[in-house]
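Asker: Pasting in a structure now, in structure tokens, and then I'll have a few things to ask.
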Amino acid sequence: MLKKFDEYTVLRAKRLELFCCQPDATLGEAADKMVKQGISCLVVVDAEAYLVGIISRRDFLPMVLAWVNWREHTVASCMSRYVVTVTQDATLSEVAARLLEHHIHRVVVTDGGTGRPRPLAVVSDSDLLYHMVHNG
């Protein structure tokens, strides 16, 4: 294991800003935003910016096959409500372990406060690879 992966926290790995949408946004709006920003997921938040889900490119595929009018359906209709999260003090090693354990490509970094979490960042397997190459 890279020693620096035990030293670097997730906020150091964050390379892009956080992109969000609300559950009542249409799939068309969400897809357009993802394409425009060149990103692979949106963090879904409620009106008070609390985490309620995540939607990724892969979540769109079944909708496109099932619904002719997929663009009109809401993000809530196909987002993942179960989101794997880490707090801002988690190390890159902990993130790598979570990604492997859950067979996923990204985790949402939250504020770690009590109660409902607020998202701060997304750290992906691409971010980890970037740090392996540049800091390994």
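Asker: How many of the residues making up the stretch 21-37 are surrounded by fewer than 16 Cβ atoms within 10 Å (Cβ to Cβ) and either modelled with pLDDT under 90 or not aliphatic (A, V, I, L, M) (or both)?
Answerer: 6
Asker: Could you go through the stretch 21-40 and let me know if any residue there is part of a strand (DSSP E or B), under 19 Å from Ile104 (Cα atoms) and in contact with a His (Cβ under 9 Å, 6 or more places away or on another chain).
Answerer: no
Asker: For the stretch 41-49, indicate whether the set of residues that are in a helix (DSSP H, G or I), touching a residue at least 60 places away in the same chain (Cβ under 8 Å) and aliphatic (A, V, I, L, M) is non-empty.
Answerer: no
Asker: Does the stretch 50-69 hold any residues that are farther than 18 Å from Pro119 by Cα and either in contact with a Gly (Cβ under 8 Å, 6 or more places away or on another chain) or not in a helix (DSSP H, G or I) (or both), and which are they?
Answerer: Those that are farther than 18 Å from Pro119 by Cα and either in contact with a Gly (Cβ under 8 Å, 6 or more places away or on another chain) or not in a helix (DSSP H, G or I) (or both): Trp67, Val68, Asn69.
Residues checked against (1) in contact with an Asp or Glu (Cβ under 9 Å, 6 or more places away or on another chain); (2) within 17 Å of Thr26 (Cα to Cα):
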position: Ala47; (1), (2): no, yes
position: Val75; (1), (2): yes, yes
position: Cys78; (1), (2): yes, yes
position: Tyr82; (1), (2): no, no
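Asker: Which of the residues that make up the stretch 96-108 are surrounded by 16 or more Cβ atoms within 10 Å (Cβ to Cβ) and not in a loop (DSSP other than H, G, I, E, B)?
Answerer: Ala96, Arg98, Leu99, Arg106, Val107, Val108
Asker: Return the only residue of Ser126, Ser93 being out of contact with any strand residue (DSSP E or B) (no Cβ under 8 Å at 6 or more places or on another chain), crowded, with 16+ Cβ neighbours inside 10 Å and either in contact (Cβ under 8 Å) with a residue 24 or more places away in the chain or assigned to a helix (DSSP H, G or I) (or both).
Answerer: Just one listed residue meets the conditions, Ser93.
Asker: Go through Thr87, Thr26, Thr74 for me and flag whichever is under 21 Å from Tyr8 (Cβ atoms), in contact (Cβ under 8 Å) with a residue 12 or more places away in the chain and among the hydroxyl-bearing types (Ser, Thr, Tyr).
Answerer: Unique residue meeting the criteria: Thr87.
Asker: List the number of the failed condition for Ala31; all other conditions in (1) more than 18 Å from Asp125 (Cα to Cα); (2) touching a Leu at 6+ places or on another chain (Cβ under 6 Å); (3) hydrophobic (A, V, I, L, M, F, W, C) hold.
Answerer: Here Ala31 meets the rest and fails (2).
The values are calculated or read from the model by the stated rules, or taken from the named source; none is laboratory data. Owing to the predicted nature of the structure, the values given are computational and were not obtained by experimental measurement. Neighbour counts are summed over all protein chains in view; Cβ atoms, including those assigned to glycine, are modelled from backbone coordinates with ideal geometry.
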